[in-house]
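Here is the structure we will look at.
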Amino acid sequence: MILLEARDLTCRFGPKEAVKGLDLSLSEGDLVGLIGPDGAGKTTTFRMLIGLQKPSGGAVVRHLDRQGVSYVPQTFSLAPELTVAENLQFQAGLFGLPDPAPRIRRLLESVDLASFRDRPSGALSGGMKQKLSLCTALLTEPRLLLLDEPTTGVDPVSRREFWELLHAVHDEGVAILFSTPYMDEAEYAHRMLLMHEGRVLQEGDRASFRRGLPGLMFRLVSARRREVQAALAALAPLDLFAEGEVLRVRFPDQDPAPLLARLSALPGVEQVRLAETSVEDVFLHALVEAGGAHG
């Protein structure tokens, strides 16, 4: 069953087009990631989907009542002076939920916040604040959960714990749409939309992305990146991406052994190995195809 649809969704702020003709359909059981860097249009998209921003064009069709969809914004939006329990009780009152105490208790226990119920929310760590925001979003037992960059600014351990919670929520039947700038988090999604400058460049799952980017991918490490990059370019690769001392280069399908030997022999190459095509490789390739740049 379809829960929410966006059709040719567009948003303009003066001459700037923040979102350009976005199409999106969310159904029961979905776990969808909106992937892209800052300024890609992810937050504007979420605000239109939830009704906080009026689209300049297109339409959002929600097949849910008001309590059927919940939204966790990128920044912590609960009252910092209220305790954890008070914030949840206040939010439950806004929704008119009868006898919310048992559900509040279960939610706090499920995210290991029960022992912090009397702590002011503003005194929580970043990871704890996100857990509290998640509890607030789940108060109404929504069927669709929208999370805008839920782990930005959260330490790696808390990020992993938060994703364990999200997987548990999804396993209980809640459809999820999340946004993230982190390519490793993109791997959690069953379906991904790669977004850049307001446009969706590519949509699919990991398997379809890899099928769409065939060939042999190699990962090289070198402190002499520029020199190695020039030598690699002379070999006419399909793609060449570099960040720091790491270079990823893609060649057409062929016997990998001679190519591996040739790459290992390049002056300045310290390590080289075959690598799996990643979501980041797909995204960077899509950027090049769209006319973007990457150093």
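The values are calculated or read from the model by the stated rules, or taken from the named source; none is laboratory data. As the structure is a computational prediction, the values presented were derived from the model and not from experiment. Every residue, glycine as well, gets a Cβ built from its backbone with ideal geometry; the counts of neighbours run over all protein chains shown.
Answer yes if at least one residue in the range 126-133 is out of contact with any helix residue (DSSP H, G or I) (no Cβ under 9 Å at 6 or more places or on another chain) and either closer than 26 Å to residue 44 by Cβ or in a helix (DSSP H, G or I) (or both), and no otherwise. Let's see the steps before the verdict.
Quick first cut of the range 126-133, residues out of contact with any helix residue (DSSP H, G or I) (no Cβ under 9 Å at 6 or more places or on another chain) only: 133.
Next, from what is left, pick out any that are either closer than 26 Å to residue 44 by Cβ or in a helix (DSSP H, G or I) (or both): 133.
Checked the range 126-133: at least one residue is out of contact with any helix residue (DSSP H, G or I) (no Cβ under 9 Å at 6 or more places or on another chain) and either closer than 26 Å to residue 44 by Cβ or in a helix (DSSP H, G or I) (or both).
So which residues in the range 103-113 are surrounded by 15 or more Cβ atoms within 10 Å (Cβ to Cβ) and closer than 17 Å to residue 162 by Cβ? Answer for the range 103-113, where residues must be surrounded by 15 or more Cβ atoms within 10 Å (Cβ to Cβ) and closer than 17 Å to residue 162 by Cβ: 107, 108, 110, 111, 113.
In the range 43-57 there is at least one residue that is assigned to a strand (DSSP E or B), in contact (Cβ under 8 Å) with a residue 12 or more places away in the chain, touching a Leu at 6+ places or on another chain (Cβ under 8 Å) and farther than 20 Å from residue 202 by Cβ. A Cβ distance below 6 Å, combined with a sequence gap of six or more or placement on separate chains, defines the contacts here; from the range 266-289, residues that are not assigned by TED's automatic domain parsing to the domain that holds residue 221 reach residues that are of a type in the set (S, T, N, Q) and at pLDDT below 95 in the pairs 286/202. Taking the condition surrounded by 20 or more Cβ atoms within 10 Å (Cβ to Cβ), under 27 Å from the mean Cα position of the chain (by Cα) and in contact (Cβ under 8 Å) with a residue 24 or more places away in the chain, does residue 201 pass? Judged against the criteria, residue 201 is a match. Scanning the range 22-34 for residues that are in a strand (DSSP E or B) and within 11 Å of residue 177 (Cα to Cα) yields 24, 25, 26, 27, 31, 32, 33, 34. Return yes when residue 19 is buried (at least 18 other Cβ atoms within 10 Å of the Cβ), within 19 Å of residue 180 (Cα to Cα), modelled with pLDDT of 95 or more and in contact with a Leu (Cβ under 7 Å, 6 or more places away or on another chain) and no when it is not. Considered against the rule, which asks whether it is buried (at least 18 other Cβ atoms within 10 Å of the Cβ), within 19 Å of residue 180 (Cα to Cα), modelled with pLDDT of 95 or more and in contact with a Leu (Cβ under 7 Å, 6 or more places away or on another chain), residue 19 comes out as yes.
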